[in-house]
Each structure stands twice: as structure tokens, then as C-alpha cells.
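Data block below; observations after.
Bear in mind that the values in this text are calculations on the coordinates, not laboratory data. Remember, it's a predicted structure, so these values are computed and weren't measured experimentally. Backbone-built Cβ (ideal geometry, glycine too); neighbour counts: all protein chains shown.
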Amino acid sequence: MDRGHEIAMGLRRAYWAMHRQADAQLAKGGVTADQFVLLSILAEGDQITQQELGRRASSDPNTIRAMLVLLEKQGLVARRPNPTDGRARSVTLTAKGRKTYQRLWKISDPIRQQLAGLFKQPEVTALLDGLNRIAES
């Protein structure tokens with residue numbers, strides 16, 4: 001079999017296995033795995049544009065917008081016009097969003113522990129290096 005195809009299929013299987021587990025775990029907190037990704041990116045900083053959020057989440061603008069609308073309805077995020085670019089929207093976590101994120105972080109800890117337990121540190125370094133090379137190619 002073609003090595004490139006094997007790598008692609010292995011990445012797909014691994015992603016979907018992790019995604020299904022994360023969705024099941026995070027559903028207890030009322031969000032999807034994809035919504036949790038947005039919350040975690042927003043928790044890293046104060047405010048970013050929707051465009052930057054999409055870039056960091058590796059997702060398209062329409063998907064980002066749809067998820068933000070849902071998160072905004074739950075009171076977890078706020079979207080406002082960007083002060084320096086009238087066409088852009090800035091996104092921030094609300095106080096409720098920050099609290100919810102902290103609770104979701106704890107809920108999702110078993111998944112992170114399971115992933116970390118699968119590899120020794122040199123393997124983690126090699127895996128992250130390989131994944132970054134794939135993302136940047």
C-alpha cells in the first residue's frame with residue numbers, strides 16, 4: 001500500500017476516534033468537541049478576530065460563525081465589531097464562558113491523560129514534530 005495513503009488513513013482514524021470520545025465527554029458540559037476547541041483558543045488570550053479564531057482552529061469561516069452563534073446564545077462568548085477594522089468581529093469569552101471552559105477542561109482531562117499515556121516523551125516529541133510538518137506542508 002502507498003505510505004502516504006496509510007499515513008492519511010491513520011490520521012483520519014486517530015482523529016475520529018479522539019473526536020468521538022471528546023464529543024461524548026464534553027456533551028456532559030453542553031458543548032461539542034469543536035466548540036470546546038474555540039473556547040480553549042479564546043481562553044488563551046483576551047480577544048481575537050473571528051478570522052484569527054478560524055485560522056487557529058483550522059476551520060472555515062462559515063463553520064466558525066455557526067459555532068460562535070450557538071456559543072453566543074449560551075452566553076459563553078461575545079462578538080463585537082473590531083475597534084481597528086470595521087469589517088471584522090472580535091470574539092471574547094464572557095465570565096460565564098470562562099467558568100464553563102474551566103469546568104469543561106476538568107471534564108476533558110481523562111481524554112488528555114489517556115492520550116498522554118499512550119506515548120513516552122521522545123515519542124510525543126516525534127509525534128508533535130510529524131504532525132506540525134504535516135500541518136505546515
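For the reader, a short list of remarks on this structure follows.
- For segment 3-136, the Kirkwood estimate of hydrodynamic radius, built from reciprocal distances between every pair of different alpha carbons, is 16.3 Å.
- Centroid-to-centroid, using Cα positions, segment 98-137 and segment 1-56 are 11 Å apart.
- Taking each residue as 0.36 nm, the span from D109 to E52 lengthens on full extension beyond its C-alpha to C-alpha distance by 17.9 nm.
- Three-way shape label, segment 63-137, alpha-carbon gyration tensor, a/c 1.5: oblate
- In segment 42-111, Cα pairs under 8 Å separated by at least six residues give a relative contact order of 34 percent.
- Spacing of the two label points (7 Å from each Cα toward its C-beta) at S40 and R12, in nm: 2.3
- Spacing of the two label points (7 Å from each Cα toward its C-beta) at K99 and R133, in nm: 4.7
- Here r is the Cβ-Cβ distance between A24 and R87 and R0 is 41 Å; the resulting FRET efficiency, rounded to 0.05, is 0.60.
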